[in-house]
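To start, the structure under review is shown below, and the notes come after it.
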Amino acid sequence: MILPEIKEIKSHRIRLGLSLREFANKCGLTVSWINQVEIGLEPKSKGIKDPSYLKMKKIFDMLDSEDDVNPITAEELCIPLKKFKKTSKSKSKNTMEFSTIGVSMIKLRDTIVRYGISQIPILENGLCLGMITSKTVMDLSVEPNLTKINVDKKILDHNYATVNAKLTLNSLHRILKYFEYVLVEKEGIIHGILVREDLFKELKK
């Protein structure tokens, strides 16, 4: 779970059009505590600069409940796997590229170049084993025997996040501040991929 940053609290409150008292009541916190956290960011202020996890979680939970105002989900925004294209609620016209263990790195390199993507999930029985990134492909491209190199678990990148298909816009916005993309999971298996740029396009509407 990724909590909102302290510096974001005031901007979230203003975005929701809430006074300090209204915001505090929705979070189940005191007006004075919220005020102390907001002014704690100001230089030389004596406000709270390191609020407790439990109180910050109350704010996170409240912000999540406000997502109902814009109930667009990860499933609607993601690029789905081809086999889910007809049944998915996704608005995307594209389908997610993926691969499996044992596939030639030459083939993955060509796919990355052709579609201008930076990563390809390696799937097995609906689960993600890891990612082949464009950096990995570039590093291996200097090898003289690239034609003989296949996808192996040892070269997979595990620096990625997964989110539930039902996760809504505000939560996705917070998570994609930390990740360039997330894999979208539905009923325990990978359903698609959502990249930061697609979320930004939706926010501009």
Please work out which residue is modelled with the lowest pLDDT, limiting yourself to the range 73-88 and to residues that are touching a strand residue (DSSP E or B) at 6+ places or on another chain (Cβ under 7 Å) and farther than 15 Å from Leu123 by Cβ.
Thr73
So if I check each of Ile79, Ile120, Ile72, which one is farther than 21 Å from Asn159 by Cβ and within 18 Å of the chain's Cα centre (by Cα)?
Ile72
Tally time: how many residues in the range 148-193 are over 10 Å from the mean Cα position of the chain (by Cα) and hydroxyl-bearing (Ser, Thr, Tyr)?
1
Close pairs (9 angstrom Cβ cut-off, 6 or more residues apart or separate chains): of a type in the set (D, E, K, R) in the range 115-133, surrounded by fewer than 15 Cβ atoms within 10 Å (Cβ to Cβ) anywhere
Glu124/Thr100; Glu124/Ile101
Any residue in the range 110-131 that is of a type in the set (Ser, Thr, Tyr), in the same structural domain as Glu180 (by TED's automatic domain parsing) and surrounded by 13 or more Cβ atoms within 10 Å (Cβ to Cβ)?
yes
Do we find that Phe200 is surrounded by 12 or more Cβ atoms within 10 Å (Cβ to Cβ) and either in a loop (DSSP other than H, G, I, E, B) or not hydroxyl-bearing (Ser, Thr, Tyr) (or both) in this structure?
no
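Report yes if some residue within the range 91-111 is aromatic (Phe, Trp, Tyr), within 12 Å of Ala74 (Cα to Cα), out of contact with any Cys (no Cβ under 8 Å at 6 or more places or on another chain) and in contact (Cβ under 8 Å) with a residue 24 or more places away in the chain; otherwise report no.
No - not one qualifying residue is present in the range 91-111.
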Over the range 172-191, the set of residues outside any strand (DSSP E or B) and surrounded by fewer than 20 Cβ atoms within 10 Å (Cβ to Cβ) is His173, Arg174, Ile175, Lys177, Tyr178, Phe179, Glu180, Glu187, Gly188
Out of everything in the range 32-71 that is surrounded by 18 or more Cβ atoms within 10 Å (Cβ to Cβ) and not in a helix (DSSP H, G or I), what residue ends up being modelled with the highest pLDDT?
Pro51
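The values are calculated or read from the model by the stated rules, or taken from the named source; none is laboratory data. Everything numeric here is computed off the predicted structure, so don't read it as measured data. Backbone-built Cβ (ideal geometry, glycine too); neighbour counts: all protein chains shown.
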